[in-house]
Amino acid sequence: MSIPAKYSPIEVEKKWYDYWMEHNYFHSTPNDKEAYTIVIPPPNVTGVLHMGHMLNNTIQDVLIRRARLKGFNACWVPGTDHASIATEAKVVAKLKEDGIDKADLTRDEFLKHAWEWTDKHGGIILEQLKKLGASCDWERTKFTMDDDMSEGVKKVFIDLFEKGDIYRGYRMINWDPVAKTTLSDEEVIFEEKQGNLYYINYKIEGSDEVLTIATTRPETILGDSAICINPNDERFTHLKGKKVIVPIANRVIPIIEDEYVDVEFGTGCLKVTPAHDQNDKVLGERHNLEVIDIFNDDASLNSFGLHYQGKDRFVVRKEITKELENLGCLVKIEQHMHKVGTSERTKAVIEPKISAQWFLKMEELVKPALKAVLVDKEIKLFPKHYNNTYRHWLENIRDWNISRQLWWGHQIPAYFYGDGVNDFVVAETKELALEKAIEKSGNSSLSASDIKQDEDALDTWFSAWLWPISVFDGINNPDNEEFNYYYPTNDIVTGPDIIFFWIARMIFAGYEFKKEKPFTNVYFTGIVRDKQRRKMSKSLGNSPDPIGLIEKYGADGVRVGMLLCSAAGNDLLFDEELCQQGKNFSNKIWNAFRLVKGWEISTEIEQPESAKIAIEWYQSKFNQALQEIDKSFEQYRISEALMTLYKLIWDDFSSWFLEMVKPAYQQPIDAKTYESVISFFENNVKILHPYMPFITEDIWQYIAERTPEEALIIAEYPKVGEVDAVLLKEFEMASEVISGIRNIRKEKNIAFKNEIGFSVLKNDKSSSNFDSVIEKLGNLTSVNYVNSKVDGALSFRVKSNEYFIPFGEEIDVEAEKEKLEEELKYTQGFLNSVQKKLSNERFVNNAPEQVITNERKKEADALAKIETLKASLESLK
């Protein structure tokens, strides 16, 4: 087969991905091998590939391809998440464009639109992952709303409800007024923001006296139920038992006493609005206060907002401030830094709201999860510092609000049959619900038309937490062959931003439903940022198009580029130049391969000594690198493993080994050496394959004709052999000697084609094993050992040995003398200035110890250099 002069990623990538798919290499079924399983963190079904996905899935593919080569039955399960909030928001926006309001649709009508949207836009991201080279078992692709997945979610809800772990209750929840749904605590981001503190006077009933409260939200005074003072605050003893009039609303509310009030904050008087603040709600329950909710679902004011009805809360804040000022009730406004909760998904400011919601008790669920990570270490987090984050969240966890006021998602399997708080049952179907409702109510006349399913959907994460179990149908069919074979899975790769949303909850689910861990290792990637450390986002315009990068640099180049700037767990500062570096690496490998395949082979010639020692050396170097790579993978230092590989192939193999064995110009290479070179090339591409699957498969198939059973993707990973540490040390010295020869050739313009003499004055016990290599790479007449310095020669030192290259016709002796004398003069001047410093007592007594040490080293180096220069001048006489 003729090998193209240039490597063409686009053609090669399509060719080999199609070949891998055609021969079903990615597909896994249970067999007698040990399983290695990864489940993909399911991206949003209608999402498109971004840089975070690129990093995450590159790492997963590296792990899965390596496991496949190491003889495991590797299974990587792909899939997508229905992403309730994000998808419903997109569908609502699309309907709005078409002039349709969600409020005018029935649930079934809306879901029809949602499924149409999902079918049209869904799965794009999985197709994009194929371009990256992701070797997922595509036959296993799952969607969190597949029938079997939905069935599992329903079963789990019912199971937890029947055990008393799921309950329905009125609670203060986080309300997203844009998505019009509740959010769990983990979906709320708290940000420090500059706001205002408004000081407002309330008139005391039956008196001209006023009291002053301080609030960050003046619009909520319309929902006030009381003013609270601390019973120990002597300033307000006279107010006990009295009432105040709410400005604008003119409602009379009581003054209550509670030690909860911080006498140091604001004025010491606290307005109590139980419908719109968690702490106020607690106070309200303690003192049996009225709950007045002044907001609609979109955070506009309702009828309790009086003449502000229908206006947005932030508009009202400005207008009510003006009205309070006109009424003489506004005392002052101060700037105030405070934490504001915003929706992780829509960025809307969260509105605390009392609502009937479904909750999952967490107290017992977290115990085995804490023990598994922090005590038994059954599950390991990489990097380890995430253990502290994990511990903090689990030890401070609150019950999980699992209901969402959305239609897109898993509808809660609860059915209401009356108006009472507890007039509901939980069942898998409406038919079963009717039976349960009749039994619970004792009303045998109830019919199907009397019961209605809860309109709300479950939190997206309530299906995602079952992902490693449900992709193998472990909820519905817990004893099936696949589940028993693939579960628990091995590794999970994800961003640290979903450690609580997903990782911790999957661990809860594993121990709750299967009494065992869902996976063994969790690898947290960093967040992808630009060079200015900004998080990549569409709005900033700093996120490159991943598919565009692949088309420009090739998938292998982008994979290498991403991982070169990705230290374990640290944020990744992405620089497109690293993709260029990845592309250059591809070209380096390709050109090395073309060089080797271009050599003529002879079975007649003997293997030279230089080739013999080069082969021994590279075998040891390869084994050493293999050890380092294995160690890096054990610690999930995947980028470090790549760096080891990069240096092995770029420096050791291409720059050194191939130069050592390369035949002379227009001369053949001996067959024995060539065989070793090809064997090394095969091993190189095997260990590089997980990182650069396309170019390695291409080279592998060019090396020899292969059957589908011999493809690189399923080849056998090399085993670590012996490392000759002495030989590696000897080469280090030999490489310094070769560099010394090359430097002299460069400085003196001695062409490489011209052979030069070379003598060694040996002052240590260094080996001569690499003399043949030094002779070849230095183009020397021979390596000659001498007992004394050589006159009329240039010299250099490596360790304690001195090396001499006699003057040839190319060297102008007089010019060389002049240059050496000039250098000697400069060095003596430099030495003089250093010694002046060191003879200055004040300097020596006051300068830091490290500075003195540095100056003494400069002195020693200068003295040694002067000695060498003088010796060189002497040899020119």
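A compact table of results
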| quantity | calculated |
| --- | --- |
| Rounded to 10°, Cα long-axis angle of helix 671-688 versus longest principal axis of the chain | 20 |
| Carbon plus sulfur fraction of accessible area for the range 66-215, probe 1.4 Å, in percent | 49 |
| Contour minus Cα-Cα distance for Lys819 and Ala448 (0.36 nm per residue) | 123.1 nm |
| Antiparallel %, DSSP beta bridges [both residues in the chain], to 5 | 70 |
| Carbon/sulfur fraction of accessible area - the range 228-360, other protein chains in place, 1.4 Å, % | 48 |
| Simple label model, 7 Å out from Cα along Cβ direction - Lys631 to Lys531, nm | 3.4 |
| Potential lengthening between Glu576 and Val340 on full extension [0.36 nm per residue; Cα-Cα distance subtracted] | 81.4 nm |
| Probe 1.4 Å, accessible area per residue of the range 735-799, Å² | 54 |
| Projected area, mean over directions - the range 721-845, Cα convex hull, nm² | 11.8 |
| Cβ-Cβ FRET estimate between Ala103 and Arg391, R0 fixed at 45 Å, reported to 0.05 | 0.50 |
| Sequence ranges 184-192, 540-548, 691-699, ranked by mean other-Cβ count within 10 angstrom, highest first | 691-699, 184-192, 540-548 |
| Percentage relative contact order, the range 8-136, counting C-alpha pairs under 8 Å, at least six apart | 38 |
| FRET efficiency estimate (nearest 0.05) - Cβ-Cβ, Lys96 to Val291, R0 30 angstrom | 0.35 |
| Probe 1.4 Å, protein heavy atoms only - accessible area per residue of the range 151-303 in square angstrom | 43 |
| Residue-normalised accessible area of the range 477-528, expressed per residue, 1.4 Å probe, Å² | 29 |
| Sites matching trypsin sites (Lys or Arg not before Pro) across the range 122-192 that sit in DSSP coil, with at most 13 neighbouring C-beta atoms within 10 Å | Lys163 |
| Cα gyration tensor shape for the range 93-154, rounded if a/c is under 1.5, else prolate or oblate | oblate |
| Those lysines that a straight Cα-Cα span of less than 16 Å connects to Lys517, excepting residues fewer than 8 apart in one chain | Lys367, Lys371, Lys377, Lys380 |
| Residue-averaged [θ]222 nm for the chain, counting only DSSP H segments that reach four residues, each worth -39500 (n - 2.57) | -13000 deg cm²/dmol |
| Alpha-carbon Debye profile of the chain, log10 I(q)/I(0) at 0.06 Å⁻¹ | -0.62 |
| Student exercise, the chain dipole from Lys, Arg, Asp, Glu Cβ charges, in Debye to nearest 20 | 1980 |
| The range 452-544 shape via C-alpha gyration tensor axes, a/c threshold 1.5 | oblate |
| Point-charge dipole on Cβ atoms (K/R +1, D/E -1) for the range 596-723, about Cα centre, debye to 20 | 300 |
| Contour excess over end-to-end distance, with Cα ends at Val375 and Lys799 and 0.36 nm allotted per residue | 147.5 nm |
| Long pairs among Lys112/Lys436; Lys799/Lys870; Lys311/Lys361; Lys514/Lys535, criterion Cα-Cα beyond 26 Å | Lys112/Lys436; Lys311/Lys361; Lys514/Lys535 |
| Gyration tensor (alpha-carbon) shape descriptor, the range 137-188, a/c threshold 1.5 | oblate |
| Label-point gap, in nm, between Asn422 and Glu710 - each point 7 angstrom along Cα→Cβ | 7.5 |
| log₁₀ of I(q)/I(0) at q = 0.10, 0.14, 0.16, 0.24 Å⁻¹ - the range 380-472, Debye sum with one point per alpha carbon | -0.44, -0.70, -0.81, -1.17 |
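The values are calculated or read from the model by the stated rules, or taken from the named source; none is laboratory data. Here the structure is a predicted model, which means the values were calculated and not measured. Positions of Cβ are backbone-derived with ideal geometry, glycine not excepted, and every protein chain shown enters the neighbour counts. The accessibility values were calculated without ligands, DNA or RNA, using every heavy atom of the protein model including side chains. Shrake-Rupley method; radii C 1.70, N 1.55, O 1.52, S 1.80 Å.
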